[in-house]
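Undergrad: To start, I am sharing the structure in question, which I have written as structure tokens.
The values are calculated or read from the model by the stated rules, or taken from the named source; none is laboratory data. Computed from a predicted model, the values in this text were never measured in an experiment. Every residue, glycine as well, gets a Cβ built from its backbone with ideal geometry; the counts of neighbours run over all protein chains shown. Heads up: the accessible areas ignore ligands, DNA and RNA and are worked out on the full protein's heavy atoms, side chains in. Shrake-Rupley method; radii C 1.70, N 1.55, O 1.52, S 1.80 Å.
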Amino acid sequence: MTDHKVLLIAGGSGSIGSAIARHALSQGWKVALHGRRLEKVDAAVTGLSYLGPIDGFLADIWQEDAAETLVAEVAEQYGRIDAVIDCTATGPMGITGLFPETSPEVFGDFLNVSVGWIERLAHAAYDFLSQQGGTLIGFVSDAGIYAAPRQTLIGAARAGTIGFIRNFAVEAARDGIRAHVISPSFVEGSESALRMGSERMAKAARRAGLGLPAADDIAPLALFLCSDGAAKITGQVISLNGGLNA
Ligand SMILES: NC(=O)c1ccc[n+]([C@@H]2O[C@H](COP(=O)([O-])OP(=O)(O)OC[C@H]3O[C@@H](n4cnc5c(N)ncnc54)[C@H](OP(=O)(O)O)[C@@H]3O)[C@@H](O)[C@H]2O)c1
């Protein structure tokens, strides 16, 4: 057993996950950082290990037993799990766009990841989180909250994530578990921002009175929600978008 609280970051090798890992290590957490590609997980772990205890874990979330295997490996290594933050993003290829041009197959896959993965992760981690009074956090995009053109499929899938977490939160509170959703909109410096291109990011930045967030603006919120200071807060959906939507 360890005295450090243990945080599992699914998709921790990505832009937001690695920022959360860095802030968590600075706050004394032990971090289990998950990703799909070995080289990215290794790079993240190597780059952050000077800050504190961190280990890498690999799993492809499309594999049926990925959540159970991942959680079991983390629990075996540390003996406890105090928080799970899911930052996985499989890339919305074909999930945005005018509705007639979108495909039911792409939607089915994205829905499976958006709702099915967090549901499987919650199942796998439930007993560990319950033992520690732990926290589960999912990430969505603002399309799940605010209606907009070209966002019908991603909005529906992300609304599913939100529906899962909010209902889960009410029930799991009885077992001492808290659950939240964080919704970034456009994140400066992220891989997703690179994919969107500078023109679209600049347009969004002009609409965000506070300026668009970077991953380092998101990490403190995620960790606050996992902290004792947030012990009586659950089921919240927080959009962190610099004033882009409200
Ligand atoms: N960044 C933004 O602008 C933005 C905006 C709105 C919402 N969000 C949401 O915020 C969350 C985090 O976003 P991010 O920008 O940090 O994403 P990201 O940088 O693209 O990172 C995604 C993470 O998911 C992992 N992943 C992807 N496919 C996987 C698979 N099949 N199996 C296992 N792991 C897989 C990636 O590992 P590999 O790299 O090895 O594949 C990586 O660790 C996501 O839910 C995203 O939708 C982000």
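Undergrad: Identify, by number, the condition in (1) basic (Lys, Arg); (2) over 19 Å from residue 219 (Cα atoms); (3) in contact with a helix residue (DSSP H, G or I) (Cβ under 9 Å, 6 or more places away or on another chain) that residue 178 doesn't meet.
TA: Here residue 178 meets the rest and fails (2).
Per-residue answers, yes or no, for (1) more than 15 Å from the chain's Cα centre (by Cα); (2) among the hydrophobic types (A, V, I, L, M, F, W, C):
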| position | (1), (2) |
| --- | --- |
| 136 | no, yes |
| 139 | no, yes |
| 147 | yes, yes |
| 174 | yes, no |
| 186 | no, yes |
| 190 | no, no |
| 198 | yes, no |
| 238 | no, yes |
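Undergrad: Filter the stretch 17-46 for residues that are in contact with a Pro (Cβ under 8 Å, 6 or more places away or on another chain) and open to solvent by 30 Å² or more (accessible area, probe 1.4 Å); which is farthest from the ligand (Cβ to nearest atom)? Show your work before the answer.
TA: The initial filter retains those residues of the stretch 17-46 that are in contact with a Pro (Cβ under 8 Å, 6 or more places away or on another chain), namely 23, 25, 30-31.
From what's left, open to solvent by 30 Å² or more (accessible area, probe 1.4 Å): 23, 30.
Numbers: 23: 14, 30: 19 Å.
Within the stretch 17-46, the match that is farthest from the ligand (Cβ to nearest atom) is 30.
Undergrad: Then there's this: Check the stretch 76-84 and report whether any residue there is surrounded by fewer than 12 Cβ atoms within 10 Å (Cβ to Cβ) and more than 15 Å from the ligand (Cβ to nearest atom). Before you say what the answer is, go through the steps one by one.
TA: First, pick out the residues of the stretch 76-84 that are surrounded by fewer than 12 Cβ atoms within 10 Å (Cβ to Cβ): 76, 79.
Then drop every residue that is not more than 15 Å from the ligand (Cβ to nearest atom), which leaves 76, 79.
Among the residues of the stretch 76-84, at least one is surrounded by fewer than 12 Cβ atoms within 10 Å (Cβ to Cβ) and more than 15 Å from the ligand (Cβ to nearest atom), which makes the answer yes.
Undergrad: Sticking with this one: For the stretch 120-155, give me each residue that is within 20 Å of residue 5 (Cβ to Cβ), open to solvent by 20 Å² or more (accessible area, probe 1.4 Å) and more than 16 Å from the ligand (Cβ to nearest atom).
TA: Result: 126, 127, 128, 130, 131, 132, 133.
Undergrad: Go over the candidates 174, 166, 200, 178 one by one and state the one that is at pLDDT below 95 and of a type in the set (Lys, Arg). Give the derivation first.
TA: Working: 174 fails: at pLDDT below 95; 166 fails: at pLDDT below 95; 178 fails: at pLDDT below 95.
Residue meeting the stated conditions: 200.
Undergrad: Does the stretch 108-119 contain at least one residue that is in a helix (DSSP H, G or I), farther than 24 Å from residue 173 by Cα and either at pLDDT 95 or above or more than 16 Å from the ligand (Cβ to nearest atom) (or both)? Steps first, please.
TA: Within the stretch 108-119, the first condition is being in a helix (DSSP H, G or I), and the residues that meet it are 108-119.
Add one more test, that the residue is farther than 24 Å from residue 173 by Cα, and what stays is 108-113.
Filter again for either at pLDDT 95 or above or more than 16 Å from the ligand (Cβ to nearest atom) (or both), leaving none.
Checking the stretch 108-119: not a single residue is in a helix (DSSP H, G or I), farther than 24 Å from residue 173 by Cα and either at pLDDT 95 or above or more than 16 Å from the ligand (Cβ to nearest atom) (or both).
Undergrad: Okay, next question. Pairs please, first residue from the stretch 117-140 and among the polar types (S, T, N, Q), second anywhere and modelled with pLDDT of 95 or more and part of a helix (DSSP H, G or I), Cβ atoms under 8 Å, 6+ apart in sequence or on different chains.
TA: 130/172; 130/175; 135/129; 135/225; 135/230
Undergrad: Checking the conditions here, which among 11, 97 is buried (at least 21 other Cβ atoms within 10 Å of the Cβ) and within 30 Å of residue 150 (Cβ to Cβ)? Walk me through it before giving the result.
TA: Numbers: 97 fails: buried (at least 21 other Cβ atoms within 10 Å of the Cβ).
From the options 11, 97, the qualifying one is 11.
Undergrad: Look through 82, 65, 60 and report the one residue that is in contact (Cβ under 8 Å) with a residue 12 or more places away in the chain and either hydrophobic (A, V, I, L, M, F, W, C) or within 19 Å of residue 128 (Cα to Cα) (or both).
TA: Working: 65 fails: in contact (Cβ under 8 Å) with a residue 12 or more places away in the chain; 60 fails: either hydrophobic (A, V, I, L, M, F, W, C) or within 19 Å of residue 128 (Cα to Cα) (or both).
Just a single option satisfies the conditions, and that option is 82.
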